[in-house]
1. Quick one: of 108/128; 77/128; 149/187; 140/187; 82/128; 77/122, which pairs are farther than 28 Å apart, Cα to Cα?
2. Rounded to the nearest 0.05, what FRET efficiency do residue 132 and residue 68 give with R0 = 30 Å and r taken as the Cβ-Cβ distance? Could you check?
3. So what is the relative contact order for the chain, in percent, with contacts set as C-alpha pairs under 8 Å and at least six apart?
4. With a Förster radius of 30 Å, plug the Cβ-Cβ distance of residue 14 and residue 80 into 1/(1 + (r/R0)^6) and report the FRET value to the nearest 0.05.
5. Would you list which aspartates and glutamates come within 18 Å of residue 73, measuring only between C-alpha atoms, while excluding same-chain residues fewer than 8 positions from it?
6. Determine the gain in length on full extension of the stretch residue 196-residue 142; use 0.36 nm per residue of separation and subtract their C-alpha separation, reporting nm with one decimal.
7. Have a look at region 85-198 and give its Rg and Dmax from the Cα atoms, expressed in angstrom.
8. Once you place label points 7 Å from the Cα toward the Cβ at residue 53 and residue 1, how far apart are they in nm?
Amino acid sequence: MIVLLDNGHGGLINGDYQTPGKRQDWGNGNVIYEGEFNRAIVNGIIEQLTRLDIAYVNLAPEYWDVRLETRVKRANKYPASKSFYLSVHSNAGGGNGCEFFTSPGNTKSDKIATIFGEEYKKEFPNRKLRTDFSDGDLDKERRFYVLTKTKMPAVLTENFFMDNREEFDHILMTREGRSRIVDYHVKAIVRARQELFN
């Protein structure tokens, strides 16, 4: 199994954030750039996957904002039956907790997203899991480009809310919080490999 890692949005180049919006500035230097957060989480996942000898590809190692079409084109070079696409994000819009997205329909992506949701709840039992059980599983379904244009199963994770001050202070901007986010992603990847790709 090959994990195709997509750290959503751009990073920081010489202190300049590469993606308009996609940030939360609380003032007094308290700012989070989503693309920087996404890269930190993906880099942590890469470190652990390397130790576990699990194959991966960083689809957007550049610090500029790689186009969605480019990310998907890079992913679709890999065999659909032996890989899955994981897009890592942080949320905004006045909420709390985490949620997991797949494309519409009943697919292998749903099974992978369910594993991610279960591992998230083990790591963060007192935090909200934002679900949609209308189709019998916990993920939310949207026609996001990276979910509908990839040939392989694809899951997009939204990890807490940048504009929730409590989650900003205690999870998103702390070493421990980021480490725990990395850990639940890696545990989900290990389970998905054992349960769905053998």
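1. 77/128; 82/128; 77/122
2. After rounding to 0.05, the efficiency reads 0.85.
3. After rounding, I find 27 percent.
4. The pair residue 14/residue 80 has a calculated efficiency of 0.20.
5. Filter leaves 6, 62, 65.
6. So the extension gain works out to 17.2 nm.
7. Spelled out, the Cα radius of gyration and Dmax of region 85-198 are 13.6, 42 Å.
8. For residue 53 paired with residue 1, the spin-label model returns 1.7 nm.
All of the numbers you see were taken from the coordinates with simple rules; none came from a lab. Note that the coordinates shown come from a computational prediction; the quantities given were computed from them, not determined experimentally. A quick note on method: Cβ atoms are made from the backbone with ideal geometry, for glycine too, and the neighbour counts reach across all protein chains shown.
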